[in-house]
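Below is one structure, written out as structure tokens; the observations come after it.
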Amino acid sequence: MLHYPKIPGSGSLPSGRCIAFEKYDGTNLHWDWDRDFGWHAFGTRRDQYNLTDDGVRQFADKHAHLAEAPDVFRASMAEGIDRVFREGEWYRPFQELKAFTEFLGPGSFAGLHRAGEAKELRLFDVEAVGFGMVGPRQFVDDFGHLNVARVVFQGKLTGQFAEDVRRGRFGVEEGVVCKGGRGGADLWMVKIKTYAYMEKLKQAMADRWEDYWE
């Protein structure tokens, strides 16, 4: 099961207004919440574990470079998101919700993380099960007080904006994810990466660099 969809690249940009969030070079992790049980499961884009002592040990055995993530989540993010889910009017009709975060440190690159470095989680999406992803405006309004992906642009998505991102004019290392629409089936997303990140991939990954590109 794929817990988070693949975001289309910038080959065909949609039109319309968007919010562009910084895209971080880390590992996508999901955290599953239930109105009766609270936080109960977590994992990567492709797997899931119970958020129990046994589940955390199993996760660490399979993903040693991500072993710190559950402690970071509990210490820095779980309580704040839980409060929004319980107190936010928009979320009250939903029994199950999922939070998506990027796990990274200063030296993280292409999903690999350096041991001994402090790690953080950046919240970048929330899914209401049965509805879909929360819209970008709603996300910023409700979760912007937490450690979320940085908003770098709000406005009309144009080819010039995409080129400015690629040339590094927005101060992002990897790139941005542009999101538009009201959420759920109306939501669209597209990722744009920088030329500098492309060169970094080519040097590190040789013939496999396109596997990590858009």
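The numbers here are math on the coordinates, done by the rules we state, and not lab data. All values reported here derive from a predicted model rather than from experimental measurement. Quick reminder, even Gly has a Cβ in these numbers, built from the backbone with ideal geometry, and neighbours come from all protein chains shown.
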Exercise. Given the options 33, 90, 188, which has the most mean-square fluctuation in a GNM of the chain, springs set between C-alpha atoms less than 10 angstrom apart?
Worked result: 90
Seminar exercise, completed: Asserting the computed 222 nm helical MRE of the chain (DSSP H runs at least 4 long, -39500 (n - 2.57) per run, divided by residue count, to nearest 500) equals -7500 deg cm²/dmol
For this session: State log₁₀ I(q)/I(0) for the range 1-123 at q = 0.11, 0.16, 0.18 Å⁻¹ as given by the Debye formula over alpha-carbon point scatterers of equal weight, solvent excluded.
Result: -0.43, -0.87, -1.05
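Could you list, in their original order, any pairs among 98/200; 6/62; 98/202; 23/200; 119/179 whose Cα atoms are separated by more than 24 Å? Don't jump to the answer; show the numbers that get you there.
Working: 98/200 32 Å; 6/62 22 Å; 98/202 34 Å; 23/200 15 Å; 119/179 26 Å.
Flagged as over cut-off: 98/200; 98/202; 119/179.
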Exercise. What's the center-to-center distance, using Cα atoms, between the range 110-137 and the range 152-176 in Å?
Worked result: 20
For this session: Can you tell me which of 143-149, 204-210, 180-186 comes out highest on packing, and rank the rest after it, using the mean Cβ neighbours within 10 Å?
Result: 143-149, 180-186, 204-210
Problem set entry | Computed over the range 67-184: relative contact order in percent, which uses C-alpha pairs under 8 Å that are six or more apart | 24
Exercise. Among 59, 131, which comes first, second and so on when ranked by fewest other beta-carbon atoms within 10 Å?
Worked result: 131, 59
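For the residues 77, 1, what sequence is obtained by ranking on other C-beta atoms within 10 Å, fewest first? Please report the intermediate quantities before stating the final value.
On the way: 77 22, 1 7.
So the ranking, lowest neighbour count to highest, is 1, 77.
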Seminar exercise, completed: Which of 60, 75, 110 fluctuates most in a GNM of the chain (C-alpha springs under 10 Å)? That residue is 75
Problem set entry | Equivalent ellipsoid semi-axes, the range 128-214, via Cα gyration tensor eigenvalues times 5, rooted, Å | 27, 15, 13
Exercise. Build a GNM of the chain with springs between Cα atoms under 10 Å: which of 164, 47, 36 gets the top mean-square fluctuation?
Worked result: 36
Problem set entry | Efficiency of FRET between residue 34 and residue 188 - r from beta-carbon atoms, R0 41 angstrom, step 0.05 | 0.90
